[in-house]
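> Below are the structure tokens for one structure; questions will follow.
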Amino acid sequence: MNRLFSAALPLISSRAVPPLVLSLFFVIYIGIAFFTDETLVTLMAFTRKSIILTALLALIPLNYLSRIVQETARHRRIRRIMSGRSADVMPELFDETVELPATTVFPELQGRLAAAEYKTRCTGNSLAAWRGTTNFPLRILFLTGTLCLFAGILVSLTTRSVHRQMVIEGEPLPTPHGIGGTISRITLAESSSSILRRTLTMELAPSPAGHGKRSFGIYPPSLYEGHFIYPRYLGLALFLRFSAPDLPEGYETPYTLNCYPPGKEDSVAVPGSPYKIVFSIPEPAAGSDPYQSYMADNKTLGFKLLKGKELLFTGSVPAGGGYERDGYRLSLPDVRRLVVTDFIGDYGLLLIWATALFYLLAGCCWLPLRLFFPRREMVFTSEHGVIKASSRAEGGARRHAGVFHEALDLVAERGLADRG
């Protein structure tokens with residue numbers, strides 16, 4: 001088992017894994033594009049149902065996890081070498097490794113490197129020199145961010161659930177797990193943000209259970225009872241009454257209309273009769289806010305009354321009022337604002353948002369660190385009549401190489417002098 005794991009680890013942690021897997025998905029994406037316009041949605045559904053594709057996608061976060069482990073182990077080995085606790089200087093840990101004949105040059109070499117503003121540590125047969133700050137934490141942040149990105153995509157594809165509900169002003173908040181607190185107010189207002197023109201807010205009143213007041217906006221989505229809340233469409237919740245000469249008992253019902261933006265139509269069919277009422281929000285005057293009527297308390301809805309395919313008449317009816325003509329009567333005793341809302345169970349979003357945070361931290365710190373405090377390290381170990389000199393740099397490589405080569409020249413000169 002250990003032998004199998006040792007053989008598989010280099011393959012899993014290879015830098016070629018992510019581009020290969022992504023290339024495969026890109027080829028599948030192109031193939032799907034020939035058969036449907038909903039290419040991305042189809043690919044996501046196909047991946048969710050296919051164990052093989054899900055396993056392939058899981059290779060990417062697994063790859064970055066193994067690279068984090070390898071990077072951490074590599075950093076620890078370098079630290080042990082630089083501190084003199086290990087004499088096993090592996091060439092793959094450094095940019096350059098040179099072997100020279102052994103000589104007693106460490107005290108002079110230490111002075112030279114200190115004069116070049118390098119910190120030094122001499123322990124027995126080892127001399128280490130360094131300056132600057134390592135970017136190891138930033139590399140880990142970047143790898144962790146990429147791990148979170150693909151892990152979030154994987155979690156979203158395999159566990160995402162969507163529940164669409166009507167959130168109505170003055171009514172309890174419907175949730176996938178039951179009923180939440182009461183929506184006290186829904187507001188739509190001009191936004192001060194440079195991205196959004198308007199901001200929509202659904203205010204949840206304090207509940208007897210001890211939950212305080214909450215507000216749900218458009219972005220970022222709020223998390224409530226394990227689900228993210230995404231407002232989608234505006235609408236109206238009506239309580240309507242309708243009667244006609246051949247419908248003496250009348251008809252009344254609560255109904256939800258998805259009739260925004262203004263001009264969009266939605267209809268109510270009266271069951272057991274040929275009547276259908278088509279509602280719409282009147283178009284606003286030129287230059288005015290088309291959504292102003294959504295927040296107005298004195299809303300007026302336009303309507304068309306149809307009997308079968310025949311248009312009987314058109315008119316308008318105010319909220320809280322009615323319309324009567326030729327024995328037909330339509331009234332709207334109650335009109336409330338509503339928002340068609342998606343409750344999305346998707347914890348992969350948390351990982352994707354964490355990606356943005358990791359990338360931001362790594363990006364903001366990496367450039368100043370590389371420009372002003374690049375890490376440069378060199379180590380000289382004397383063993384078995386040979387001095388092994390190794391060097392690595394995370395920035396300022398040319399200047400560091402000059403100091404390193406001057407140190408090598410000094411070691412070579414002293415070696416020739418000792419032999420002479």
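> Whether any residue in region 378-387 is touching a residue at least 12 places away in the same chain (Cβ under 8 Å), within 30 Å of Leu143 (Cα to Cα) and buried (at least 19 other Cβ atoms within 10 Å of the Cβ) is what I want to check.
Yes, there is a match, as at least one residue in region 378-387 is touching a residue at least 12 places away in the same chain (Cβ under 8 Å), within 30 Å of Leu143 (Cα to Cα) and buried (at least 19 other Cβ atoms within 10 Å of the Cβ).
> Checking Glu108 against (1) outside any strand (DSSP E or B); (2) at pLDDT 90 or above; (3) over 42 Å from the mean Cα position of the chain (by Cα), only one condition comes out false. Which one?
(2)
> Cβ-Cβ below 6 Å, separation at least six or inter-chain, first residue in region 60-88 and within 17 Å of Leu147 (Cβ to Cβ), second of a type in the set (Gly, Ala, Ser) and not in a loop (DSSP other than H, G, I, E, B): which pairs?
Pro61/Ala151
> Scan region 215-252 residue by residue and report those that are at positive phi and either open to solvent by less than 60 Å² (accessible area, probe 1.4 Å) or hydrophobic (A, V, I, L, M, F, W, C) (or both).
Passing the criteria: Gly226, Gly250.
> Looking at this structure, is Phe228 within 22 Å of Gly321 (Cβ to Cβ) and in a strand (DSSP E or B)?
no
> Next question, about the same structure. Pairs, please: C-beta under 9 Å, at least 6 apart or cross-chain, first residue among the basic types (Lys, Arg) and in region 218-247, second open to solvent by 20 Å² or more (accessible area, probe 1.4 Å)?
Every condition considered, the pairs that remain are Arg232/Arg164; Arg241/Gly250; Arg241/Tyr251; Arg241/Glu252; Arg241/Thr253; Arg241/Gly322; Arg241/Arg329; Arg241/Pro333.
> Could you look through region 289-345, keep only residues that are of a type in the set (S, T, N, Q) and under 45 Å from the mean Cα position of the chain (by Cα), and pick out the one that is modelled with the highest pLDDT?
By that ranking, first place goes to Thr341.
> Only one of Ala58, Ala45, Ala16 is farther than 20 Å from Thr134 by Cβ, of a type in the set (Gly, Ala, Ser) and surrounded by 14 or more Cβ atoms within 10 Å (Cβ to Cβ); which?
Every option except Ala58 fails the conditions.
> Go through region 100-121 and give me each residue that's touching a helix residue (DSSP H, G or I) at 6+ places or on another chain (Cβ under 6 Å) and open to solvent by 60 Å² or more (accessible area, probe 1.4 Å).
Once the filter is applied, which keeps residues that are touching a helix residue (DSSP H, G or I) at 6+ places or on another chain (Cβ under 6 Å) and open to solvent by 60 Å² or more (accessible area, probe 1.4 Å), region 100-121 yields only Pro101.
> In addition: Restricting to region 159-180, give me the number of residues that are at pLDDT 80 or above, closer than 25 Å to Leu349 by Cα, in a strand (DSSP E or B) and open to solvent by less than 50 Å² (accessible area, probe 1.4 Å).
5
> Additional query: Being touching a Phe, Trp or Tyr at 6+ places or on another chain (Cβ under 8 Å) and modelled with pLDDT under 90 is the filter here, so list the residues in region 62-83 that pass it.
The one that is touching a Phe, Trp or Tyr at 6+ places or on another chain (Cβ under 8 Å) and modelled with pLDDT under 90: Met82.
> Would you check if Thr97 is surrounded by fewer than 18 Cβ atoms within 10 Å (Cβ to Cβ), outside the structural domain of Tyr347 (by TED's automatic domain parsing), under 48 Å from the mean Cα position of the chain (by Cα) and not aliphatic (A, V, I, L, M)?
So Thr97 fits the description; yes.
> Using the structure shown, decide if Ser215 is out of contact with any helix residue (DSSP H, G or I) (no Cβ under 6 Å at 6 or more places or on another chain), in the same structural domain as Val167 (by TED's automatic domain parsing), in a strand (DSSP E or B) and among the polar types (S, T, N, Q).
Taking the combined requirement at face value, the residue satisfies it.
The values are calculated or read from the model by the stated rules, or taken from the named source; none is laboratory data. Bear in mind the structure is a predicted one, so any value in this text is a computation, not a measurement. Note that each Cβ is placed from the backbone with ideal geometry, even for glycine, and that neighbours are counted across all protein chains shown. The accessibility values were calculated without ligands, DNA or RNA, using every heavy atom of the protein model including side chains. Shrake-Rupley method; radii C 1.70, N 1.55, O 1.52, S 1.80 Å.
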